[in-house]
Amino acid sequence: MITRIYLEDKVVGEYTNVVPGDLDGDGMIRARDCSMLKQYLIGLRDNMYETPAYYAADFTRDGKVKLNDAEYILQYTVKMFELNEEEYYGKNN
């Protein structure tokens, strides 16, 4: 998602907001995001490196995009666990 900062009618800043697990940037974490990550990991998708999708793919926030990130994204989509946003976003900020 892109956030734009306006001063009167002029854009003075633009920021890309990355939601962990939301690779396609639609605001939701779904199985499609997991599929995109798996495609990247096996070499079928090569246009992700250093894009917002790449940073969203690091679901475990360890600085690496790996298969376990896809596993956690899939588990999240099938409600195997809930993300405690305060703990998740607070632990590395």
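What follows is calculated from the coordinates using simple rules that are stated; it is not laboratory data. Values in this document were obtained by computation on a predicted structure and should not be read as measured data. Heads up, the Cβs are rebuilt from the backbone with ideal geometry, glycines too, and the neighbour counts pull from every protein chain shown.
Details
- Counting lysine pairs in the chain whose alpha carbons fall under 27 angstrom apart, excluding pairs fewer than 8 residues apart on the same chain, gives 9.
- Inter-site label distance for Glu8 and Tyr54 at 7 Å from Cα along Cβ, in nm: 3.8
- Zone residues, the stretch 1-23, relative to Arg30, backbone N less than 20 Å from point 7 Å out along Cα-to-Cβ: 1-2, 17-23
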